[in-house]
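The values are calculated or read from the model by the stated rules, or taken from the named source; none is laboratory data. All values derive from a computational prediction rather than experimental measurement. Cβ placement follows ideal geometry from the backbone for every residue including glycine, while neighbour counts extend to all protein chains displayed.
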Amino acid sequence: MANDADVADAADDAAAKTLSPILPADIEDAAAALLRDACAADLSLVTAESCTGGLLSSLLTDVEGASHAFERGFAVYSEDAKCELLGIRRDAIEACGAVSRDVAVAMAEGALARSRGDIALAVTGYAGAAPDGEENGLVHFACARKGGPTLHREKHFGDIGRGPVRIACLRVGLDMMRQALERS
């Protein structure tokens, strides 16, 4: 029989294998609630991530027992990846830039079209230092749901650092997916 120390060690080992040690509790709670509700509604989630590099996908796969609610994630950091994996036209990226409303919407819609998911969240932005002439902390989000409109949000997180921007992106992304889940 396991003693209290063994149980605590097992919990510590599990936490070390997840994002738990670095995430605020509200983000973990929001992810667990989103996955629970997606399971209850028999809907599956998809992500298309650029500046978060798969962080949202990782968060959504950290919750045990909800694997059927997360369909897949696309880590599309480069322009080539956005074009090849999500079907975004190169001229669309060149016309408005990879960090734009148009590209975020195309990413969400491409992720939905190239998966078996019901709700797709896309995020593209500057988590760290932006190129000359661009805004540090500018991030575009888009959330598409089968049979519904694709919604967009633009956030200006400022020059708060790469990690804090990525954490803030998780909150926005989870909120947008929650809203899409609640839309009928």
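Please find, among Ala111, Ala106, Ala98, Ala129, the residue that is among the small types (Gly, Ala, Ser) and touching a residue at least 60 places away in the same chain (Cβ under 8 Å).
Ala111
Give me the residue from region 42-57 that is of a type outside the set (Gly, Ala, Ser) and out of contact with any Ser or Thr (no Cβ under 7 Å at 6 or more places or on another chain) and, out of that set, farthest from Thr150 (Cα to Cα).
Ranking the candidates gives Leu55 first.
Could you tell me whether region 139-151 includes any residue that is in a helix (DSSP H, G or I) and at pLDDT 95 or above?
For region 139-151, residues in a helix (DSSP H, G or I) and at pLDDT 95 or above: absent.
Looking only at residues in region 76-135 that are of a type in the set (D, E, K, R) and crowded, with 19+ Cβ neighbours inside 10 Å, which one is nearest to Glu154 (Cα to Cα)?
Glu109
For residues that are of a type in the set (Gly, Ala, Ser) and under 14 Å from Asp118 (Cβ atoms), scanning just region 150-184, find the one that is surrounded by the most Cβ atoms within 10 Å (Cβ to Cβ).
Across region 150-184, the extreme among qualifying residues is Ala180.
How many of the residues in region 23-52 are without any contact (Cβ under 8 Å) to a residue 40 or more places away in the chain and of a type outside the set (Lys, Arg)?
The qualifying residues number 8.
Within region 4-43, can you find the residues that are small (Gly, Ala, Ser) and at pLDDT 70 or above?
Ser20, Ala25, Ala30, Ala31, Ala32, Ala33, Ala38, Ala40, Ala41
How about region 159-182: which of its residues are outside any helix (DSSP H, G or I) and either in contact (Cβ under 8 Å) with a residue 24 or more places away in the chain or more than 23 Å from Ala25 (Cα to Cα) (or both)?
Asp159, Gly161, listed by residue number.
Is it the case that some residue within region 100-115 is at pLDDT 95 or above, within 25 Å of Glu135 (Cβ to Cβ), of a type in the set (A, V, I, L, M, F, W, C) and in a loop (DSSP other than H, G, I, E, B)?
There is no residue in region 100-115 that is at pLDDT 95 or above, within 25 Å of Glu135 (Cβ to Cβ), of a type in the set (A, V, I, L, M, F, W, C) and in a loop (DSSP other than H, G, I, E, B).
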